[in-house]
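Here is the structure we will look at.
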Amino acid sequence: MTQIDKYAGRVRFWLPGARGRTAAEDVRATLADLIAEREARLGRPLDETEVAAELKAFGRPEIIASRYSLARPLVSAGLMPAYMRVLGIAVAGVVIGQAVLAVFGMGSGTGGQAIGLFVSRSVTGLLWSFASVTVAFAVLTRLYPASAGSEADDRC
């Protein structure tokens, strides 16, 4: 099995069914053409190190596989900066809010109980905030398809 076959197999791993087989065949053919072109320019066959460098330059197999996928991203690339900002604000809000509650709750119990309560409530709050922010941005991605990169935005 050649390096190209192994690479195509890793692309195939990331895609189910017939789409994965088609993608692997396409990638295998494309890589074979690229290698043949490079060998023709150099006038000699490429060694293993040069083939590995070509494969690395071609891209990571999971990224190449994603280009063959029909699945839409959960949060579009256009909304990703806003998503990360809102998620950071939500995380900070949960941690600060729970820390304040823990400090004011210290008088009613032991320090260990307050810390345990802080940790458990923080984990729950972080999970809920992550889920709610992600769902909100997933809905925005579906409502505004231009933000998903499907159309050119000439307003910028």
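Read the figures in this text as sums done on the coordinates, not as results from a lab. Everything quoted here is computed from the prediction, not taken from an experiment. Positions of Cβ are generated from backbone atoms using ideal geometry, with glycine treated the same way; all protein chains shown enter the neighbour counts.
Rg and Dmax of the range 1-90, both derived from C-alpha coordinates alone, stand at 17.2, 58 Å.
Counting other beta carbons within 10 Å of each residue's own, what order do Ser69, Ser120 fall into, fewest first? Mind dumping the intermediate values first?
Numbers: Ser69 14, Ser120 11.
Placing the least packed residue first, the sequence is Ser120, Ser69.
Treat the chain as a sphere of radius equal to its Kirkwood radius over Cα pairs and apply Stokes-Einstein at 25 °C in a medium of 0.890 mPa s; give the translational diffusion coefficient in µm²/s, rounded to a whole number. Roughly 122 µm²/s, to the nearest whole number.
Charges were assigned to the Cβ only: +1 to each Lys and Arg, -1 to each Asp and Glu. The resulting dipole of the range 3-68 about its Cα centre is roughly 300 debye. What is the calculated FRET efficiency for Ala57 to Ala18, with r their C-beta to C-beta distance and R₀ = 35 Å, to the nearest 0.05? My answer for the efficiency is 0.80. Measuring r between the beta carbons of Asp47 and Asp26 and using R0 = 35 Å, the FRET efficiency lands at 0.90. Tell me the net charge near Gly93. Cut-off is 14 Å between Cβ atoms, Gly93 excluded, with +1 for each Lys or Arg and -1 for each Asp or Glu. Charge balance in the 14 Å sphere: +2.
Between Ser69 and Arg38, the simple label model (points 7 Å from Cα in the Cβ direction) yields a spacing of 2.7 nm. How tilted is helix 3-13 with respect to the longest principal axis of the chain? Cα atoms for both, answer in degrees (0 to 90, nearest 10). The two axes meet at around 40 degrees. Sorted fewest first by neighbouring Cβ atoms within 10 angstrom, Ile4, Ile96 come out as Ile96, Ile4. Between Ser120 and Met80, the FRET efficiency estimated from the beta carbon spacing at R0 = 25 angstrom works out to 0.25.
Report summary: the helix-based calculation at 222 nm, which adds -39500 (n - 2.57) for every DSSP H run with n ≥ 4 and divides by the residues of the chain, gives -25000 deg cm²/dmol.
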